[in-house]
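A.B. asks: First, the structure itself, so that you have it in front of you.
Any read-out appearing in this document is the output of simple, stated calculations on the displayed coordinates, not a laboratory observation. Model, not experiment: these values are computed from the prediction. Neighbour counts run over all protein chains shown; Cβ positions are idealised from the backbone, glycine included.
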Amino acid sequence: MPKKESEFISIIYNKKNDSPKYFEIKKTKILLFFIGLPSITLIAVILGVVGVIHTSPFHLIDNYRQNSKAREAIAKTQTLEEEKMALTAKLSELQEKFQPLVAPTSAENNKAPIVSPTPLISTSNVKTNSLPIVQQVGNQVVLQGLSSLSLFRQIPGQHDRTKPPTLSLSGFQVSGTRDNTSLLFNIIPTGDSKIAGHIIVLMKNELTIQVYPSQALNSAETQINYETGESFSTQRFRPVDASFLKPRKPGNYTFSIFIFAKNGDLIHYQSVIMPVKF
């Protein structure tokens, strides 16, 4: 089969002292040599440079830094979620265990009270066999196995004047020392007029009741006379520090605050449950 001249390139090679030589080379081979090989070489160089960049120490260090930041962010997120779940569980536990059950204050006295103060004054329905068991401990009187219904001695003409409210209590705190436990709170009159009277506070649980002031039951009587309470007089602000003997065990204790006017009328009653810790 005759060769097509267009497919070949003729080359005459002449060297000194040698006869001329004649060559024929296909065009495809020349294109492969002058175009294909440089293209392959360029592609190989580009791939090599890319590989060197991605495997260089700087690139590896940068990738490691980014991966470290991503791991730290994931760890912080997991830690925050765990802390949130732990705090939520702890908050629920504390709310169930230590949530104070506060009787209505002056702002809530228009609602139905948790405990009505009137029966706490009246002793007409108290049986004689429910009188308190009194135990003297140092200078403090501790009452055992007793409801507060039989504590107060009724006087003629005594009235319940808790409505409308003339004062409110706030800032309840419990503090303790080696021998004593104190309930701290503030008396705040709701109006501009001066308020005076007597303060009596009970601290009780299912086993014992303590009375503040301690001299309230340091007498031959088996019931508390309102006049033995701590005297006070205020027009704007009156802090109270009701101190009791340190109880034998920690736990939730009910503190009942009775505030009487000078003539014996009950002008405020409030009960709160507070944790006592050692």
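A.B. asks: Which order do the peptides 237-244, 205-212 take when ranked by the mean count of other beta-carbon atoms within 10 Å per residue, highest first?
C.D. replies: Peptide ranking by packing, descending: 205-212, 237-244.
A.B. asks: How big is the gap, in Å, between the Cα center of region 215-278 and the Cα center of region 147-208?
C.D. replies: Cα centroid to Cα centroid, the span is 5 Å.
A.B. asks: Which order do the peptides 156-164, 257-265, 81-89 take when ranked by the mean count of other beta-carbon atoms within 10 Å per residue, highest first?
C.D. replies: Peptide ranking by packing, descending: 257-265, 156-164, 81-89.
A.B. asks: Between their Cα atoms, which of K163/K246; K163/K262; K163/K249 are more than 26 Å away from each other?
C.D. replies: As for pairs spanning more than 26 Å Cα to Cα, those are K163/K246; K163/K249.
A.B. asks: So for each of 165-172, 186-193 I average, over its residues, the number of other beta carbons within 10 Å; can you give me the resulting order with the highest mean first?
C.D. replies: The densest-packed peptide leads the list: 165-172, 186-193.
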